[in-house]
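See structure below.
The values are calculated or read from the model by the stated rules, or taken from the named source; none is laboratory data. As the structure is a computational prediction, the values presented were derived from the model and not from experiment. Every residue, glycine as well, gets a Cβ built from its backbone with ideal geometry; the counts of neighbours run over all protein chains shown. Each accessible area value is taken on the protein alone, full model and side chains, heavy atoms only, with ligands, DNA and RNA left out. Shrake-Rupley method; radii C 1.70, N 1.55, O 1.52, S 1.80 Å.
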Amino acid sequence: MRALVIVHDHLSTAGHVGERLAERGYELDELLVVPADRYTTPDVEVSFPAAGNHDLILTLGAPWSVARRNAWIEAELALLRSAHEAGIPVLGICFGGQALATALGGDVEAAPRFELGWSGLTTDAPHLVGPGPWFQFHGDRWLLPPGARELARNDVASQAFVCGRSWGVQFHPELTPEVLQAWFDEDGEAIAAEVGADPAQLVAELRADLPAVRERARTLVDAFLDQVADRGAGEGPNDGTRSHMSA
């Protein structure tokens with residue numbers, strides 16, 4: 001089995017999520033969208049593979065907004081839409097979740113405030129997504145596409161949704177201390193200053209809690225593979241989750 005991992009910027013990795021996919025038997029084909037030398041000018045030309053070349057697609061976060069809708073974002077939306085229509089499982093994280101929602105007919109908008117740090121969630125489906133705490137690093141949020149079911153939320157944004165074999169999460173289960181430090185070193189310190197967060201403290205907390213963080217990520221990936229990707233959980237009877245955004 002092969003998984004396409006869409007890595008939007010050179011600072012990010014699939015982290016704990018990629019690690020668990022590999023343990024579950026997936027070979028990971030990473031596609032870097034924006035190389036390091038184009039980080040500040042990310043409107044690059046990218047050739048995405050056909051959806052049918054892979055058995056699963058993982059699309060990660062990014063420092064840009066889906067609302068930018070440049071050529072490669074439009075191409076990625078087309079890829080995600082094609083994969084979904086073909087029944088190929090898609091897992092979207094943060095920007096990737098927003099892109100997935102947009103590709104399926106939803107939208108993206110600015111969140112009421114930038115969310116940076118740890119957050120607990122209200123979850124309607126703890127068998128799929130637990131209450132956390134999960135790490136947040138985003139300024140946008142999705143508007144759910146038609147037919148999607150919201151699984152979890154907090155006071156800022158919808159935090160997880162399922163639609164057929166596609167699943168989006170707003171938080172960062174993949175995140176490692178090294179990647180978080182790289183985000184702060186590049187341009188995240190200014191964001192942290194604006195919201196009153198301490199980068200060193202957040203990295204230290206992530207490092208100290210790493211075993212639990214890794215285990216939550218493994219559990220999340222297993223739930224995706226076993227209950228969404230395998231059986232198309234979003235196509236079953238309504239289990240009480242909501243199809244609108246409550247934040």
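Have a look at PRO211, PRO199 and point out the one that is touching a Phe, Trp or Tyr at 6+ places or on another chain (Cβ under 7 Å) and either of a type outside the set (Asp, Glu) or touching a residue at least 24 places away in the same chain (Cβ under 8 Å) (or both).
Details: PRO211 fails: touching a Phe, Trp or Tyr at 6+ places or on another chain (Cβ under 7 Å).
Only one candidate qualifies: PRO199.
crowded, with 16+ Cβ neighbours inside 10 Å, in contact with a helix residue (DSSP H, G or I) (Cβ under 6 Å, 6 or more places away or on another chain) and not in a loop (DSSP other than H, G, I, E, B): is that true of ILE88 in this structure?
Against the criterion (crowded, with 16+ Cβ neighbours inside 10 Å, in contact with a helix residue (DSSP H, G or I) (Cβ under 6 Å, 6 or more places away or on another chain) and not in a loop (DSSP other than H, G, I, E, B)), ILE88 does not qualify.
So how many residues does the range 34-72 have that are closer than 21 Å to ILE191 by Cβ and either outside any loop (DSSP other than H, G, I, E, B) or free of Cβ contacts under 8 Å to residues at least 12 places away in the same chain (or both)?
As a first pass, look at the range 34-72 and keep what is closer than 21 Å to ILE191 by Cβ: 34, 36, 38-42, 60-68.
Checking which are either outside any loop (DSSP other than H, G, I, E, B) or free of Cβ contacts under 8 Å to residues at least 12 places away in the same chain (or both) leaves us with 34, 36, 38, 40-41, 66-68.
The number of residues fulfilling the criteria is 8.
Do we find a residue being without any contact (Cβ under 8 Å) to a residue 12 or more places away in the chain and either hydrophobic (A, V, I, L, M, F, W, C) or out of contact with any Phe, Trp or Tyr (no Cβ under 8 Å at 6 or more places or on another chain) (or both) anywhere in the range 106-129?
First, pick out the residues of the range 106-129 that are without any contact (Cβ under 8 Å) to a residue 12 or more places away in the chain: 126.
Now drop any that are not either hydrophobic (A, V, I, L, M, F, W, C) or out of contact with any Phe, Trp or Tyr (no Cβ under 8 Å at 6 or more places or on another chain) (or both), which leaves 126.
Within the range 106-129, one or more residues are without any contact (Cβ under 8 Å) to a residue 12 or more places away in the chain and either hydrophobic (A, V, I, L, M, F, W, C) or out of contact with any Phe, Trp or Tyr (no Cβ under 8 Å at 6 or more places or on another chain) (or both).
Condition first: over 20 Å from ILE93 (Cα atoms), of a type in the set (Gly, Ala, Ser), modelled with pLDDT of 95 or more and surrounded by fewer than 18 Cβ atoms within 10 Å (Cβ to Cβ). Can you find one or more residues in the range 54-70 that meet it?
Residues of the range 54-70 that are over 20 Å from ILE93 (Cα atoms), as a first pass: none.
No - not one qualifying residue is present in the range 54-70.
List the pairs whose first member sits in the range 177-195 and is part of a helix (DSSP H, G or I), whose second member is hydroxyl-bearing (Ser, Thr, Tyr) and open to solvent by 30 Å² or more (accessible area, probe 1.4 Å), and whose Cβ atoms are under 6 Å apart, counting only residues at least 6 apart or on separate chains?
VAL179/THR13
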